[in-house]
Amino acid sequence: MIGPILIVIAILVVIPVGFLMSTTVAAAVIGHLLKTNSEAEHADSELLEVSD
């Protein structure tokens, strides 16, 4: 009886939490890459000083 309970816990808790954590990491990486790319492309813009 412990097997089905562990499977239900894994389906309801472990998989969604792991998915949310992995998407958080992906969002942080994408955000960092976009920020560094925009800073490199617009290095001479005076608006970068305002945004820091």
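May I ask you to list the residues in the range 25-52 that are polar (S, T, N, Q) and either assigned to a helix (DSSP H, G or I) or in contact with a Ser or Thr (Cβ under 8 Å, 6 or more places away or on another chain) (or both)?
Within the range 25-52, THR36, ASN37, SER38, SER51 qualify.
What do you reckon, is SER22 surrounded by 10 or more Cβ atoms within 10 Å (Cβ to Cβ) and either touching a residue at least 60 places away in the same chain (Cβ under 8 Å) or part of a helix (DSSP H, G or I) (or both)?
Against the criterion (surrounded by 10 or more Cβ atoms within 10 Å (Cβ to Cβ) and either touching a residue at least 60 places away in the same chain (Cβ under 8 Å) or part of a helix (DSSP H, G or I) (or both)), SER22 qualifies.
No value in this document is a laboratory result; all are computed from the given coordinates. Only a predicted model underlies this, so the values are computations on that prediction, with no experimental measurement involved. Cβ: placed from backbone, ideal geometry, glycine included. Neighbour counts: every protein chain shown.
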